[in-house]
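Everything below concerns the one structure shown next.
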Amino acid sequence: MRLPDFLIIGAMKSGTTGVFLDLCRHPRIFIPQNKEPNALGSDAVLSDSGRSDYAAEYAGARDDQLLCDATTAYSKRPDREGVAERAIAVLPSPFRVVYIVRDPIDRIISQHYHEFIDGTIHSDIDRAVREEDRFINYSRYGYQLAPWIERLGNDRVQVVRFESYKSDRQATIAQLCSFLGLPVEQLPTIESAVHNRSEEKTVMNSFWHQAQQSVWYQRGVRPLLSPRWRIQLQKWVLPRGPERPAPPSLETVHWLKEQLTPEVRQISDFAGCQELLWKGYGPEEEVGAPK
């Protein structure tokens, strides 16, 4: 029974789908049917049956392939606690962690649009970020990564800057292959298309939701489609999402940067960077100034 060799733990709306799909181009990485099994999100995985169900996600892997679990809920503290502890309890001891981070405010704006499309939040982002703690919490990258660093150390945790990935996907994925101990020369050339862009966000209508839950789809169609093709299929058949809501006000941007500047410093330290990962959050710069 085999369990994942590495985790992509988030952050939500920071390019995890793209990194997952690009990494899965390497022949030594197994492509599971479920990108986000979310097995480490509850104590059920600590039982024999829970581990067996988790391992079933990777039953088709070759012995020479690495197994990946790319679940963004693993970096959604305090809504999901104890993930690092469960991972240590059940995963093979050398397992590694990849954490993709994006400019914290850009990530919040993307999350708000995502939830607005899904109908779980209103369009007023200024009010949303003050009413719902999750918007700021999921951008508190130092806080999210701290349990992993404390238990695994820096050598087994790789921080990936989304903006660097977006500007040079080939180089970023090659660096991740090296981190995972995979031969970089076996990595195919990665095309320029960007996966899961916000402007391509689709709306899950009732017909498609029912179709996805049907027996004919779950047993007949889904096993034949890779995650890459399922994403493409949704782009073809589902309607596009509504226009983006108005961006946050300058007052809200100022307030968010005040909240998140310490986190930017901490995640920059975790990443081993001499400078901050994003401009506009340093003490020498005016908080709230345009990026």
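The values are calculated or read from the model by the stated rules, or taken from the named source; none is laboratory data. Remember, it's a predicted structure, so these values are computed and weren't measured experimentally. Positions of Cβ are backbone-derived with ideal geometry, glycine not excepted, and every protein chain shown enters the neighbour counts.
Give region 69-82 a look and list any residue that's buried (at least 22 other Cβ atoms within 10 Å of the Cβ) and either touching a helix residue (DSSP H, G or I) at 6+ places or on another chain (Cβ under 6 Å) or part of a strand (DSSP E or B) (or both), or say none. Those that are buried (at least 22 other Cβ atoms within 10 Å of the Cβ) and either touching a helix residue (DSSP H, G or I) at 6+ places or on another chain (Cβ under 6 Å) or part of a strand (DSSP E or B) (or both): Asp69, Ala70, Tyr74, Ser75. For region 109-123, the criterion of being surrounded by 15 or more Cβ atoms within 10 Å (Cβ to Cβ) and without any contact (Cβ under 8 Å) to a residue 40 or more places away in the chain is satisfied by at least one residue. May I ask you to verify whether Lys235 is part of a helix (DSSP H, G or I), modelled with pLDDT under 70 and either of a type in the set (D, E, K, R) or within 20 Å of Val101 (Cα to Cα) (or both)? Taking the combined requirement at face value, the residue satisfies it. For the criterion of being modelled with pLDDT under 95 and part of a helix (DSSP H, G or I), Ile136 fails. For Asp103, the test of being surrounded by fewer than 21 Cβ atoms within 10 Å (Cβ to Cβ) and either at pLDDT 95 or above or not β-branched (Val, Ile, Thr) (or both) is failed. Taking region 83-124 as the range and being outside any loop (DSSP other than H, G, I, E, B), under 19 Å from Leu180 (Cα atoms) and not aliphatic (A, V, I, L, M) as the test, the residues that pass are Arg96, Tyr99. Looking only at region 171-217, count how many residues are modelled with pLDDT of 70 or more, surrounded by 16 or more Cβ atoms within 10 Å (Cβ to Cβ) and not in a loop (DSSP other than H, G, I, E, B). Total meeting the criteria: 7. Among the candidates Ala61, Ala87, Ala73, the residue that is small (Gly, Ala, Ser) and under 15 Å from the mean Cα position of the chain (by Cα) is uniquely Ala73. Tell me which residues, restricted to region 151-162, are over 13 Å from Tyr99 (Cα atoms) and in contact (Cβ under 8 Å) with a residue 12 or more places away in the chain. If the condition is that a residue be over 13 Å from Tyr99 (Cα atoms) and in contact (Cβ under 8 Å) with a residue 12 or more places away in the chain, then Arg151, Leu152 are the ones that fit. Checking every residue in region 7-15 against the condition of being within 17 Å of Val97 (Cα to Cα), in a loop (DSSP other than H, G, I, E, B), at pLDDT 95 or above and polar (S, T, N, Q) gives at least one match. Filtering region 238-262 to residues that are modelled with pLDDT under 70 and either surrounded by 13 or more Cβ atoms within 10 Å (Cβ to Cβ) or in a helix (DSSP H, G or I) (or both) leaves only Leu238.
A Cβ distance below 6 Å, combined with a sequence gap of six or more or placement on separate chains, defines the contacts here; from region 50-76, residues that are more than 13 Å from Gln33 (Cβ to Cβ) reach residues that are surrounded by fewer than 21 Cβ atoms within 10 Å (Cβ to Cβ) and acidic (Asp, Glu) in the pairs Thr71/Glu36.
Scanning region 29-52 for residues that are more than 16 Å from Phe6 (Cβ to Cβ) and not in a loop (DSSP other than H, G, I, E, B) gives Gly41, Asp43, Ala44, Val45, Leu46, Asp48, Ser49, Gly50, Arg51, Ser52.
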